[in-house]
Amino acid sequence: MDTIFALASARGKAGVAVIRLSGPQAHDTVARMAPLPSLRHAGLRRLTWNGEVLDEAVVILFAAGASFTGEQSAELHLHGSTAVVGKVMQVLGGIAGLRGAEPGEFTRRALENGRLDLAQVEGLADLIDAETEAQRKQAMRVLSGALGQRVDLWRTQLIRAAALIEATIDFADEDVPVDVTPEVSALLERLLLELRLELDGAVAAERVRDGFEVAIVGAPNVGKSTLLNAFAGREAAITSEIAGTTRDVIEVRMDIDGLAVTFLDTAGLRTSDDVIENIGIERAMARAQQSDLRLFLVNGPDEQLMLEPGAGDLIVLAKDDLQERPGLSVSGKTGAGVAELLQEIATRLGERAAGAGLLIRERQRIAMQRAVLRLESALAGLARAGEMPELIAAELRDASQALQAMVGRIDAESLLDEIFASFCIGK
């Protein structure tokens with residue numbers, strides 16, 4: 001296997017730049033440039049090549065089996081000059097047996113060497129992309145191997161159930177001393193309950209990862225754009241006394257109590273003869289219906305709404321600066337009630353995020369659904385008198401394979417190129 005190298009820190013001028021090497025020549029390569037420090041100990045070394053001093057750097061070596069990739073590895077912590085980094089990369093690129101790493105290749109080697117499972121790889125990608133505290137926490141849970149540990153527990157129960165069923169196949173021509181159906185049914189029912197709970201948390205986990213959407217909905221000139229600007233703390237949307245100014249959906253992404261939230265300013269909902277405005281109204285209604293939370297901004301408590309509020313939506317009285325309003329009210333112009341409204345939004349979205357599970361990718365959710373369907377089929381077979389045990393055992397094997405696919409132990413090869421393409425070169 002080639003020894004790979006790459007800049008692992010951000011490009012451009014910085015205080016420190018880190019170049020990583022991984023593969024069978026990693027230590028020998030560093031030895032040609034400087035005296036080697038002890039394994040897993042940092043050593044300040046002068047890097048030289050053909051008698052020329054390249055830089056004074058901190059060097060760290062990792063033994064095979066004790067590194068991120070599982071291979072012999074090294075890190076060079078250089079001064080963060082683009083000229084220094086460029087020269088060291090040029091030297092490394094000229095050494096036989098070394099080549100620049102491809103996107104995500106360090107992490108891919110960690111997967112291939114059993115240092116990470118596929119779910120952890122996806123958790124690592126999410127951690128690198130994390131913008132909010134909730135995203136960081138969720139990614140860390142997955143990166144820690146929590147999903148793989150759950151899968152191992154679930155598979156242990158499946159193996160027990162399958163062993164009992166296959167015992168009836170082995171002794172088909174003899175009297176089986178104990179009817180295994182009650183024990184297998186109880187095992188599968190408990191397992192199904194756990195898997196369904198995890199599936200229920202998949203939507204919330206996806207929202208934490210990708211962000212929630214909150215649509216601000218209301219009639220023209222009710223103050224939607226002004227409220228959006230108050231949320232953003234800048235002129236994100238044009239405000240005007242002319243009704244129908246907002247024609248398209250305007251988005252502002254924010255961090256609300258550690259949650260990624262995108263606020264949508266939509267066209268005012270009304271009946272109009274303007275073809276272009278009607279297109280905006282149709283887009284507003286469609287986008288609002290797809291949002292996680294709708295904030296209805298109204299002029300009065302009895303106002304008729306073109307879109308029916310759903311459970312958990314907010315109805316807020318607008319233009320609190322013009323007159324005192326009872327209940328939840330706000331003024332985007334003066335800022336009155338804005339902080340309280342943001343806190344209410346954060347509370348409602350936080351309650352949904354609290355139910356987030358460990359399934360952070362669509363492929364994981366699909367694999368879990370497949371396992372649930374197979375277990376439901378197996379339970380139905382157990383309930384039918386005379387069902388062939390071979391069919392039930394086959395359903396349990398399929399369920400086990402679906403669970404293993406979630407962490408990449410089988411059927412993962414076709415996913416790898418797509419997953420690792422999203423990683424930066426030095427990871």
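None of the figures in this text is laboratory data; all of them are computed from the coordinates on show. Only a predicted model underlies this, so the values are computations on that prediction, with no experimental measurement involved. Ideal geometry is used to build each Cβ from the backbone, glycine not excepted, and the neighbour counts take in all protein chains shown.
Sorting the segments 333-345, 209-221 by their residues' average number of neighbouring beta-carbon atoms within 10 angstrom, most packed first, yields 209-221, 333-345. Counting charges near A17 (Lys, Arg +1; Asp, Glu -1) among other residues having Cβ under 14 Å from its Cβ returns a value of +1.
Applying 1/(1 + (r/R0)^6) with r as the Cβ-Cβ distance of D302 and T347 and R0 = 22 angstrom yields a FRET efficiency of 0.25. Taking other C-beta atoms within 10 Å as the exposure proxy, H79, H27, H41 rank H41, H79, H27 from fewest upward. Taking a ≥ b ≥ c as the square roots of the eigenvalues of the Cα gyration tensor, region 72-132 is classed as oblate, since a/c reaches at least 1.5 and a/b does not exceed b/c.
When peptides 126-134, 291-299, 139-147 are ranked by their average number of other Cβ atoms within 10 Å per residue, the highest-first order is 291-299, 139-147, 126-134.
Report note on the peptides 361-372, 189-200: ranked by the mean count of other C-beta atoms within 10 Å, highest first, their order is 361-372, 189-200. Roughly how many Å is it from the Cα centre of region 110-146 to that of region 180-208, as a whole number? Rounded to whole Å, the Cα centres lie 23 Å apart.
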